[in-house]
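Colleague: One structure coming up, written as structure tokens, with questions to follow.
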Amino acid sequence: MLCQSIVMDPNEKQHLYDLTLGAIRELIEAETDPIAVMATVVCELHHRFDWFDWTGFYRVVSPGLMKVGPYQGPHGCLEISFDRGVCGAAARLRRTQIVPDVRAFPGYIACSSSTRSEIVVPVLTPQDELVAVLDIDSDQPDAFSEVDRINLETLCRMVGRVG
Ligand code: SME
């Protein structure tokens, strides 16, 4: 049994990602529907990582606007524009955002008062079109590291291929 803690050794965390990405790869291998893929990804991540307290996608629905997609956790905001919050910054800059303390992030959108840290990863197609962002919130401070960024970016490339 792996230790489920944010202070997990980076090698143990990597091992948990290896198992999770392997499982997701098998589950979505033949799937071509983006919502089915997103729902499966969110379910696997949310239940394998104890400190992921909100796990979900925001999908680009029109220029500069995202609507909530498949998610697990408490109620999430229904829509986010590119000029707001951590999700908006990730979409606008097309770059992963790691926020160790959400209270220090200007314009942070608080969907849950218990959230302390957050990572948001853009989902790009092989043609470099932004289709969504993956947003993960934790009630633990400083829960996300380079290990999370590298593995979640790999995962989002898999999602982006289904676009
Ligand atoms: N905190 C996010 C909004 C989404 S919810 O946390 C689910 C943000 O600032 O973009």
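Colleague: Search the stretch 110-128 for residues being among the hydrophobic types (A, V, I, L, M, F, W, C) and more than 12 Å from the ligand (Cβ to nearest atom), and hand back the single one that is farthest from the chain's Cα centre (by Cα). Break it down into steps so the answer makes sense when it comes.
Modeller: Step one: filter the stretch 110-128 for residues among the hydrophobic types (A, V, I, L, M, F, W, C), giving 110-111, 119-121, 123-124.
Restricting the remaining residues to those that are more than 12 Å from the ligand (Cβ to nearest atom) gives 121, 123-124.
Working: 121: 6, 123: 9, 124: 13 Å.
Filtering first and then ranking leaves 124.
Yes/no matrix, rows are residues, columns are (1) within 11 Å of the ligand (Cβ to nearest atom); (2) assigned to a strand (DSSP E or B); (3) within 15 Å of the chain's Cα centre (by Cα); (4) over 19 Å from residue 39 (Cβ atoms):
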residue	(1), (2), (3), (4)
55	yes, yes, yes, no
58	yes, yes, yes, no
67	no, yes, yes, no
70	no, yes, yes, no
86	yes, no, yes, yes
89	yes, no, yes, yes
98	no, yes, yes, yes
108	yes, no, no, yes
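Colleague: Filter the stretch 59-78 for residues that are closer than 21 Å to residue 41 by Cβ and either free of Cβ contacts under 8 Å to residues at least 24 places away in the same chain or of a type in the set (A, V, I, L, M, F, W, C) (or both) and give the result.
Modeller: First, the residues of the stretch 59-78 that are closer than 21 Å to residue 41 by Cβ: 59-61, 66-78.
Of everything in the stretch 59-78, those that are closer than 21 Å to residue 41 by Cβ and either free of Cβ contacts under 8 Å to residues at least 24 places away in the same chain or of a type in the set (A, V, I, L, M, F, W, C) (or both) turn out to be 60, 61, 66, 67, 68, 77, 78.
Colleague: Would you please list the contacts, defined by Cβ atoms under 9 Å and residues six or more apart or on different chains, that run from a residue in the stretch 100-113 that is within 17 Å of residue 84 (Cβ to Cβ) to a residue that is within 11 Å of the ligand (Cβ to nearest atom) and of a type in the set (Phe, Trp, Tyr)?
Modeller: These pairs meet every condition: 102/108; 111/54; 112/54.
Every number in this text was worked out from the coordinates using simple rules, so none of it is lab data. What you see is a predicted model, and the numbers here were worked out from it, not measured in a lab. Neighbour counts run over all protein chains shown; Cβ positions are idealised from the backbone, glycine included.
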